[in-house]
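Okay, so here's the structure we're looking at.
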Amino acid sequence: MANTDALASNITGLRPSETHKKQGRPRATLSKSGGRYLRLSLSYILLIIGAFVMFFPMLWMLGASLKPSWQILTQPLGFPSEWIHVQAGNTVHGFPLWHHTDDDGERQRVFQVGSRRYTTVIDVAGLTTMYSVPPEELGTAETIDFDGARLNVREWRPADGDTQDVVALARDGTNLVIAPLDALAGAVRQVALADVNSGARENIEVDDFRFQGRTLENSGMTVIALGPESERRVVAPEEAAANVVLVTAEEVSRAGLRDIGETELEHYTLAGRPEDEYYIQLSSGPWQPIIDMDAVRDHAIAIPLDELSPTPELRAFEFAVLPVFAMSTADSSEVEMAVLLQTTTRALVIPVEHTDSIRLSPLGRLAEPFVERLDSVPVRYRDDYEELGDRYEVAIVGQQRDMTLLAPRSAMDDAFDVDPEVLGRVSQPRLYIENYIDALSRDLGGATFLTFFRNSTVLVVLNLLGHFVSVTIVAYGFARLRAPGKNVLFLILLATMMMPFPVLLIPTYEIFQSMGMINTHWPLFIRAFFGNAFLIFLLRQFFTSIPVELEDAARIDGANTLQILWSVMLPLSKPALATMGIFTFWWTWNAFFEPYVYLSSTRLFTVSLGLGFFKSQYTYTYHLLMAASVIAIFPIITLFFFAQRYFIEGIQLSGLKG
Amino acid sequence: MSALLRPFSNLSPSARREAIIFYLCVLPWFLGFIIFIAYPTGRSLYLSFTNYQIGREPVWSGMANFDRLVNDGDFWQSLRVTLLYVLGAVPGQSIIALGIAMLLAQKIRGISIWRTIYFLPSVISAVAIAVLWFYVFNPEYGLVNTLLAAIGIDGPGWVFSEDWALITLIFMNWWTIGGQMVIYLAGLKGIPDVLYEAVEIDGGGSWAKFRHVTIPMLSPVILFNLVLGFIGAFQIFEGPLVLTNGGPNKATLTYMLNLYRQAFEFGNLGYASALALVLFLIIMVLTVLIIRSSALWVYYEAEQK
């Protein structure tokens, strides 16, 4: 500790003027062997591996912050991507697209048009060997693929004899009737559940064992239904989506299960169309009338309910149906008005000439709307409603309507069914920048991340101010002035750097409590005005390396201590002041423990504290959590990239002081 | 005070004036030292012998806090967790930092790029690292288990597993070696090439250089990093709070986390002061032991003179 001046002079980077740089000696000439190159290559490999470990998690964090939530769970290493949909005819609805690779290895894009359940059955004619055994001799069931079908297979451990795989077929009193797996080869079939259910029930007796069976209509085969059931998706090539039409649900009626492509699906007919013109129902559900929010804000007016005509006429705007009535205006002409919304006392109406933007939207896209009051009528709206790739601000008006998406049977010739597991969603790269907007606008107990940013910025500024005022003066005293007791005080200063803070925690808390400063920002900056041991030491070392002669000149001119500090020392100390500022920023921005102890209102939280709080609120919303983290570390990372040498020189100084 | 004042009266007027200016200059720091360090240290010592509930007055209770501490399962658990953490984190961190510094101390191209990459994690706040680590070590879709699954290994439950949570914290500490690395690098650059050449002339290889030049010349820096790393590791708080909140089943209940809970969640300020005092003593004793032991392995050039 004693010889600090000599140590400080080792820190070339912090000198006012760099006098010399150490020249690397050409040692390579001494041992220019192959071993050296081998060692160097090995070093590079190790460095690359290390750099990967250091850097990749951060890159991954950045990637995750730009992903949609589904991708977090399914593609941890994937590039941020969005799912692609195919537009359903001329409607605003889109169907998810899936990749399907057929047996010839050809890849095509398909969408789901329905589903079909299958089950496993045993052809009774193929049953040969059966036993009746107590259930205790059987292990637990495990589903396996067997002969193109799925079977629940159990292990049978007979009291005497070898263990073998068996299938349980039926009950026989308390016993189970089982058949060895090997004996079932050729008897197992995978058939549509609907076919089994529509088959005639039959009591069967084979080898004195009784079964409940069914006779299948189309093949005449008598079977025992075993399960397990499985669902296969019926899909069609994406081109088929072009023919989809939107109709109201009441126009549609069932027409029974019929063959389609290589599979079968429930068919439907449409009112007003020929009986033998079949349709496939792709989806059915409530749709909601919407209108552009601009039209509502500019043209809609609220009127008392009694001004409404008692018998408004219902009029269709595309598929949306709204009441319309004639309202007389000031100049006694009549204007047709459409009723958008009604409360118990008032109605929001709009002239029919401004209703061009009324259309239907699938209800699911309008979840969690905002509310705005227009003439005291609450209007629910969304500002990020997406329609065919464009965004709109739309108001939710009128009554929901049950709608159905139909595809003509004729467009479905290429439909087939597949195991859902072989399908993968079609996606394309896209960066979800909106995650950041989402993370920044989330409500965190009456505050948002922007509040935390403002708080941290204010605290950084106050701490900078405090350190700048106090540290420079104290450091100057220790660097230049002589007085009794100076060395003792300097040793105390150095010793306080090693002080473990937990000991100070509770009394310091008491002090701030007695001053009413708990849950304020005061405890987080006021001590900066009393200096900081490390920064005082850093600046003192720097001041010591500045030649005294420069000061003497100013002193002869009659400058006092503060003037010398301000006009001679500080201008020469810019690198040290930069280091000081950067460390202050660094500590204040990253501080967690003290804000955690002193602050309880979220509106006062700093960025670090806020990030911890964000994590406790949105623990598994990883894409938002990572976006919040990137926002929180962005300022300090940026500062590091631009002012790296000050970080590193400051750290080196702390290391060399020991 | 009189000891300070006596030489003061012997000073010449100009020297006296200089001394007064000095005292004025260091006054802000000295006030801060008295208010925020000296007084709290004494006060903390007193409070550890009191029954002091938050919002009430402290009442002297003699050794009661320490009797309670000896029988407190949470205290022993937190001490065990913290010691394991220190033993895992500090030497590992030192070895990794020294290793990287030695790689970088060679004639490596793009030294500043490497240094930036290795230093980067150390710039980020402990909270942000803990949040990131919480995701990286998610057993189902975290980075680590995804990569392990790619090579056919079924990764553990990490932060959700009693056995692995503390190890995850230690790994997290190994990730932030930037500060130590920079200090080692500066130390390595300060070793004169002549010493290595001397070993070469004597026919020594890389190991001999490492063993007989690098380690002795670097030993003061190693000591410094060990002591600081060690003091820091004993006080770990953000990581276990944000990553695991002390769990699962207190597997990461570190000393500071336990102390914080006693003080600010249960309001036992007196008992928490006693915990702080014990932590302070443990750190002091171990630091003194390390520094004492350093006489055996730390080499100071000055000794040779």
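Yes or no: A:L42 in contact (Cβ under 8 Å) with a residue 12 or more places away in the chain and assigned to a helix (DSSP H, G or I)? Judged against the criteria, A:L42 is not a match. A single member of A:G446, A:G424 is more than 14 Å from chain B (Cβ to nearest Cβ), modelled with pLDDT under 90 and open to solvent by 60 Å² or more (accessible area, probe 1.4 Å), and it is A:G446.
Got a sec? Which strands (runs of 3 or more DSSP E) wholly within region A:162-201 have at least 2 residues that are touching a helix residue (DSSP H, G or I) at 6+ places or on another chain (Cβ under 8 Å) and touching a residue at least 40 places away in the same chain (Cβ under 8 Å)? Where strands (runs of 3 or more DSSP E) fall fully within region A:162-201 and carry at least 2 residues being touching a helix residue (DSSP H, G or I) at 6+ places or on another chain (Cβ under 8 Å) and touching a residue at least 40 places away in the same chain (Cβ under 8 Å), they are A:175-180. All of A:N519, A:N560, A:N532 fail the test of being at positive phi and either of a type outside the set (S, T, Y) or open to solvent by 60 Å² or more (accessible area, probe 1.4 Å) (or both), apart from A:N519.
Yes/no per residue for (1) facing another protein chain (nearest Cβ under 7 Å); (2) under 25 Å from B:I111 (Cα atoms); (3) exposed (fewer than 15 other Cβ atoms within 10 Å of the Cβ):
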{"position": "B:G179", "(1), (2), (3)": "yes, yes, no"}
{"position": "B:L185", "(1), (2), (3)": "no, yes, no"}
{"position": "B:K209", "(1), (2), (3)": "no, yes, no"}
{"position": "B:V213", "(1), (2), (3)": "no, yes, no"}
{"position": "B:M217", "(1), (2), (3)": "no, yes, no"}
{"position": "B:V227", "(1), (2), (3)": "no, no, no"}
{"position": "B:A233", "(1), (2), (3)": "no, no, no"}
{"position": "B:F237", "(1), (2), (3)": "yes, no, no"}
{"position": "B:L243", "(1), (2), (3)": "no, no, no"}
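Every residue in region A:191-213 that is open to solvent by less than 60 Å² (accessible area, probe 1.4 Å) and under 50 Å from the mean Cα position of the chain (by Cα), please. The answer is A:V191, A:A192, A:L193, A:A194, A:D195, A:V196, A:G199. The test for being away from chain B (no Cβ under 13 Å) and either in a helix (DSSP H, G or I) or closer than 24 Å to A:I437 by Cα (or both) holds for A:T457. Residues B:G270, B:G190, B:G203: which one is on the phi > 0 side of the Ramachandran plot, over 21 Å from the mean Cα position of the chain (by Cα) and not hydroxyl-bearing (S, T, Y)? The match here is B:G203.
Table: residues versus (1) within 7 Å of chain B (Cβ to nearest Cβ); (2) at pLDDT 90 or above.
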| site | (1), (2) |
| --- | --- |
| A:L47 | yes, yes |
| A:W60 | yes, yes |
| A:S65 | no, yes |
| A:L73 | yes, no |
| A:V92 | no, no |
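Residue selection: A:D402 fails the criterion of being open to solvent by less than 30 Å² (accessible area, probe 1.4 Å) and over 30 Å from the mean Cα position of the chain (by Cα). Taken as a whole, the structure places A:T140 among residues that are closer than 24 Å to A:E231 by Cβ, of a type in the set (V, I, T), without any contact (Cβ under 8 Å) to a residue 60 or more places away in the chain and open to solvent by 60 Å² or more (accessible area, probe 1.4 Å). Pairing residues of region B:30-51 that are within 7 Å of another protein chain (Cβ to nearest Cβ) and surrounded by 15 or more Cβ atoms within 10 Å (Cβ to Cβ) with residues that are among the polar types (S, T, N, Q) and outside any helix (DSSP H, G or I), at Cβ distances under 9 Å and at least 6 apart in sequence or on separate chains, gives B:G32/A:N532.
Among the residues of region B:119-138, what is the count of those that are assigned to a loop (DSSP other than H, G, I, E, B), within 7 Å of another protein chain (Cβ to nearest Cβ) and in contact with a Ser or Thr (Cβ under 7 Å, 6 or more places away or on another chain)?
1
Pairs linking a residue in region B:248-272 that is within 20 Å of B:T41 (Cα to Cα) to a residue that is open to solvent by less than 10 Å² (accessible area, probe 1.4 Å) and part of a loop (DSSP other than H, G, I, E, B), with Cβ atoms under 6 Å and 6 or more positions apart or on different chains, are B:M256/B:F237. Condition first: hydrophobic (A, V, I, L, M, F, W, C) and touching a residue at least 40 places away in the same chain (Cβ under 8 Å). Now tell me which residues in region A:145-161 satisfy that. Once the filter is applied, which keeps residues that are hydrophobic (A, V, I, L, M, F, W, C) and touching a residue at least 40 places away in the same chain (Cβ under 8 Å), region A:145-161 yields A:F146, A:A149, A:L151.
Among the residues making up region B:89-118, those that are within 7 Å of chain A (Cβ to nearest Cβ) and crowded, with 24+ Cβ neighbours inside 10 Å are B:I100, B:Y118. Residue count for region A:303-350 under the criterion of being open to solvent by 40 Å² or more (accessible area, probe 1.4 Å) and in contact (Cβ under 8 Å) with a residue 60 or more places away in the chain: the result is 2.
Look at (1) under 27 Å from the mean Cα position of the chain (by Cα); (2) more than 30 Å from A:V244 (Cα to Cα) and you find that A:D384 fails only one, number (2).
Scanning region A:254-291 for residues that are open to solvent by less than 20 Å² (accessible area, probe 1.4 Å) and either over 23 Å from A:V235 (Cα atoms) or β-branched (V, I, T) (or both) yields A:I260, A:T263, A:T269, A:I280, A:W287, A:Q288, A:P289, A:I290, A:I291. Scanning region B:254-293 for residues that are more than 8 Å from every other protein chain (Cβ to nearest Cβ), open to solvent by 10 Å² or more (accessible area, probe 1.4 Å) and touching a Pro at 6+ places or on another chain (Cβ under 9 Å) yields a single hit, B:M284.
A:V607 satisfies every condition listed in (1) more than 30 Å from B:L185 (Cα to Cα); (2) hydrophobic (A, V, I, L, M, F, W, C); (3) surrounded by fewer than 18 Cβ atoms within 10 Å (Cβ to Cβ) except (3).
Quick one: would you say A:V471 is surrounded by 18 or more Cβ atoms within 10 Å (Cβ to Cβ) and either touching a Phe, Trp or Tyr at 6+ places or on another chain (Cβ under 6 Å) or in contact (Cβ under 8 Å) with a residue 60 or more places away in the chain (or both)? Against the criterion (surrounded by 18 or more Cβ atoms within 10 Å (Cβ to Cβ) and either touching a Phe, Trp or Tyr at 6+ places or on another chain (Cβ under 6 Å) or in contact (Cβ under 8 Å) with a residue 60 or more places away in the chain (or both)), A:V471 qualifies. Looking only at residues in region A:101-114 that are open to solvent by 20 Å² or more (accessible area, probe 1.4 Å) and within 27 Å of the chain's Cα centre (by Cα), the one that is nearest to A:V235 (Cα to Cα) is A:Q112. Filtered by the rule that a residue be over 21 Å from A:T457 (Cβ atoms) and assigned to a helix (DSSP H, G or I), region A:567-596 gives A:S567, A:V568, A:M569, A:L570, A:P571, A:L572, A:K574, A:P575, A:A576. Tally up the residues in region A:499-529 that are within 11 Å of chain B (Cβ to nearest Cβ) and either in a helix (DSSP H, G or I) or aromatic (F, W, Y) (or both), please. The number of residues fulfilling the criteria is 18. Summed over region A:45-80, the residues that are farther than 30 Å from B:I113 by Cβ and touching a Pro at 6+ places or on another chain (Cβ under 9 Å) give a count of 2. Only one entry in B:A126, B:A149 is at pLDDT below 90 and open to solvent by 20 Å² or more (accessible area, probe 1.4 Å), namely B:A149. Against the list (1) within 30 Å of A:Q190 (Cβ to Cβ); (2) surrounded by fewer than 17 Cβ atoms within 10 Å (Cβ to Cβ), the condition A:A407 fails is (2).
The values are calculated or read from the model by the stated rules, or taken from the named source; none is laboratory data. Small disclaimer: the values here were computed from a predicted structure and weren't measured. When we count neighbours, we look across all protein chains shown, and the Cβ atoms used for this are built from the backbone with ideal geometry, even at glycine. In case anyone asks, the SASA skips ligands and DNA or RNA and just uses the protein heavy atoms, side chains included. Shrake-Rupley method; radii C 1.70, N 1.55, O 1.52, S 1.80 Å.
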